[in-house]
Amino acid sequence: MLITVISGGAAGLMAATVAAWSGAKVRIIERKGKLAKKLLASSNGRGNFLNLDTNETHYNSNNLPFVKKVLDIFGVVQTLSVFEELGIMVKEKGTKLFPYTEKSKDIVTSFIYELEKHNVEVVLNFQIF
Ligand SMILES: Cc1cc2nc3c(=O)[nH]c(=O)nc-3n(C[C@H](O)[C@H](O)[C@H](O)COP(=O)(O)OP(=O)(O)OC[C@H]3O[C@@H](n4cnc5c(N)ncnc54)[C@H](O)[C@@H]3O)c2cc1C
């Protein structure tokens, strides 16, 4: 099965990685010339990637039961297990979680390494629609 992920941002890298782990052939299409530009800037480059105090009330949505359903399926525990699988050591500051190095580029490097390992095709500078 070929899965095309439209986005080389944080969500796209996560989706592509998990899809590749499931055995699918995966392609990422990103309109910019670089992956994860916004993630690199996140929390001043320190990569605050998760908050332990995560629940549906922290989201803007007119369908909070749906948000809750999604978080029940893939919430803090599942997100942490992906980071563990990527070999990213975690540092806690209050409820905020950072990579141990406090460098978002280390998160991006780990994802790119994993994508390369699973032969995920990355197409840059290509906008869909
Ligand atoms: C200065 C700054 C500080 C931040 N600090 C934090 C923080 O401390 N903690 C935190 O949790 N979050 C923080 N964020 C927010 C965090 O960076 C974003 O929530 C996260 O990057 C969102 O990821 P995403 O994958 O949903 O979207 P994005 O990172 O925006 O990724 C979407 C990608 O899809 C691509 N794309 C869009 N449309 C198309 C198309 N039609 N065709 C091809 N490609 C397309 C875009 O170019 C982009 O690369 C911060 C953001 C900024 C800018």
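Every residue, every condition in (1) over 13 Å from the mean Cα position of the chain (by Cα); (2) part of a helix (DSSP H, G or I); (3) of a type in the set (Phe, Trp, Tyr); (4) within 28 Å of LEU2 (Cβ to Cβ), yes or no:
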{"site": "LEU35", "(1), (2), (3), (4)": "no, no, no, yes"}
{"site": "GLY87", "(1), (2), (3), (4)": "yes, no, no, yes"}
{"site": "LYS91", "(1), (2), (3), (4)": "yes, no, no, no"}
{"site": "PHE111", "(1), (2), (3), (4)": "no, yes, yes, yes"}
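Beta carbons closer than 9 Å, at least 6 apart along the sequence or on distinct chains, pair a first residue in the range 23-50 that is of a type in the set (Gly, Ala, Ser) and open to solvent by 20 Å² or more (accessible area, probe 1.4 Å) with a second that is in a loop (DSSP other than H, G, I, E, B) and near the ligand (Cβ under 6 Å from one of its atoms) for SER42/ASN48. Annotation note: of LYS117, LYS68, the sole residue that is out of contact with any Phe, Trp or Tyr (no Cβ under 8 Å at 6 or more places or on another chain), away from the ligand (no atom under 16 Å from the Cβ), of a type in the set (Lys, Arg) and open to solvent by less than 90 Å² (accessible area, probe 1.4 Å) is LYS68.
Can you confirm whether VAL18 is more than 12 Å from the ligand (Cβ to nearest atom), open to solvent by less than 70 Å² (accessible area, probe 1.4 Å) and either modelled with pLDDT of 95 or more or farther than 22 Å from GLU102 by Cβ (or both)?
In short, yes.
The values are calculated or read from the model by the stated rules, or taken from the named source; none is laboratory data. Predicted model, so just to flag it, every value in this text is computed and none were measured. Here Cβ is always computed from backbone atoms with ideal geometry, including for glycine, and neighbour counts include all displayed protein chains. Note: areas computed on protein heavy atoms with side chains; ligands, DNA, RNA excluded. Shrake-Rupley method; radii C 1.70, N 1.55, O 1.52, S 1.80 Å.
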